[in-house]
Structure formats: structure tokens, C-alpha cells
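Visitor: First the structure, which I've put down as C-alpha cells, then a few questions once you've had a look.
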Ligand code: 5GP
């Protein structure tokens, strides 16, 4: 599978589709999910063109990988959900069995309320 430059997150990165931005730097963009599954439901995407987590880890530079991971912690601190009292969950869906719908690599960040055990 090749990266599809017309996927919805690519359009958001090109400002062709609007988003409710949470955070942005040279490496990542973070915005609210249009169909939130929890009180807080945020997406974090790299600015580079990667299909999924494995594509990202295989092809991205070490700087991109480090900056992406650091951005997660930066964002949850910004939202004040990073401590053990509150907490949050990050997941990434990959491929058909993972339930991936948008083929630009992303993490979901869920928080703001109790999340049931593991998967649903
Ligand atoms: P996936 O199943 O690929 O891990 O999740 C894709 C996510 O993208 C879904 O939670 C869906 O609600 C979200 N999404 C799809 N289209 C848009 C959009 O145009 N804007 C935003 N903000 N989120 C979107």
C-alpha cells in the first residue's frame, strides 16, 4: 500500500480541511477528533507521510520519532491529564484487524473520564 496524499489527515496538514487544533510544532500536529469517543479525544499525527506505526518506525528519522513521542507527553501535560490521579490512554490502530480508517499514522489520546479495561 502506498501513502495516499488525499487522505483526510493529509488534507488537514495542507489546511484544505479545517481542524480544531490542540498543538503544533515542526514535527507534529494535534487536533480534536471529529467524532469523540471520550470526553477528551485527541489525535496526534506526524507531519511526514507515513501510513501507520510500522511505516513510521521503519522510515522516519530518529528526530521525527523522538519528537513525536515527546509531543504526546507535552500535549497531555498541556491538558493537565498526565498525572496518575487523572491519566489517559494512547492507542494506534493499524490495518484491518486494528480498525484503522485513516491511513496517515496517528495516535489517539483518550482522557477526561474513566476508560473501560483495554479494548472494545
Ligand atoms: P482510525 O480508526 O484510523 O484509528 O481513526 C481515525 C479517526 O479519525 C476517527 O476517530 C475519526 O473520527 C477521525 N476523523 C476522521 N475524519 C476526521 C476529520 O475530518 N477531522 C477530524 N478531526 N477527525 C477525523
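Visitor: Against the conditions (1) touching a helix residue (DSSP H, G or I) at 6+ places or on another chain (Cβ under 6 Å); (2) within 16 Å of the ligand (Cβ to nearest atom); (3) modelled with pLDDT under 95, where does residue 105 fall short? Just the number, please.
Guide: Result: residue 105 passes all but (3).
Visitor: Taking residue 116 and the conditions (1) over 17 Å from residue 27 (Cβ atoms); (2) more than 13 Å from the ligand (Cβ to nearest atom); (3) in contact with a strand residue (DSSP E or B) (Cβ under 8 Å, 6 or more places away or on another chain), which numbered condition does it fall short on, given that it satisfies the others?
Guide: Among (1) over 17 Å from residue 27 (Cβ atoms); (2) more than 13 Å from the ligand (Cβ to nearest atom); (3) in contact with a strand residue (DSSP E or B) (Cβ under 8 Å, 6 or more places away or on another chain), residue 116 violates only (3).
Visitor: Which of the residues that make up segment 24-60 are part of a strand (DSSP E or B) and either at pLDDT below 95 or farther than 16 Å from residue 91 by Cα (or both)?
Guide: Quick first cut of segment 24-60, residues part of a strand (DSSP E or B) only: 24, 28-32, 40-46.
Answer for segment 24-60, where residues must be part of a strand (DSSP E or B) and either at pLDDT below 95 or farther than 16 Å from residue 91 by Cα (or both): 24, 28, 29.
Visitor: Taking the condition of being part of a loop (DSSP other than H, G, I, E, B) and either within 12 Å of the ligand (Cβ to nearest atom) or exposed (fewer than 14 other Cβ atoms within 10 Å of the Cβ) (or both), how many residues in segment 84-98 meet it? Walk me through it before giving the result.
Guide: To start, the set of residues in segment 84-98 that are part of a loop (DSSP other than H, G, I, E, B) comprises 84-87, 92-94.
Narrowing the set further to residues that are either within 12 Å of the ligand (Cβ to nearest atom) or exposed (fewer than 14 other Cβ atoms within 10 Å of the Cβ) (or both) leaves 84-85, 87, 92-94.
Residues that pass the stated criteria total 6.
Visitor: With 35, 25 as the choices, which residue is more than 13 Å from the chain's Cα centre (by Cα) and near the ligand (Cβ under 7 Å from one of its atoms)? Explain how you work it out, then say what you get.
Guide: Numbers: 25 fails: near the ligand (Cβ under 7 Å from one of its atoms).
Only one candidate passes the filter, namely 35.
Visitor: Could you look through segment 8-22, keep only residues that are touching a strand residue (DSSP E or B) at 6+ places or on another chain (Cβ under 7 Å) and in a loop (DSSP other than H, G, I, E, B), and pick out the one that is nearest to the ligand (Cβ to nearest atom)?
Guide: The extreme case among them is 19.
Visitor: Return the only residue of 63, 80, 5, 21 being exposed (fewer than 13 other Cβ atoms within 10 Å of the Cβ) and modelled with pLDDT under 95. Lay out the reasoning, then the answer.
Guide: On the way: 63 fails: modelled with pLDDT under 95; 5 fails: modelled with pLDDT under 95; 21 fails: modelled with pLDDT under 95.
Among 63, 80, 5, 21, only 80 is exposed (fewer than 13 other Cβ atoms within 10 Å of the Cβ) and modelled with pLDDT under 95.
The values are calculated or read from the model by the stated rules, or taken from the named source; none is laboratory data. Bear in mind that the values here come from a model prediction, so they are computed numbers and not experimental data. Note that each Cβ is placed from the backbone with ideal geometry, even for glycine, and that neighbours are counted across all protein chains shown.
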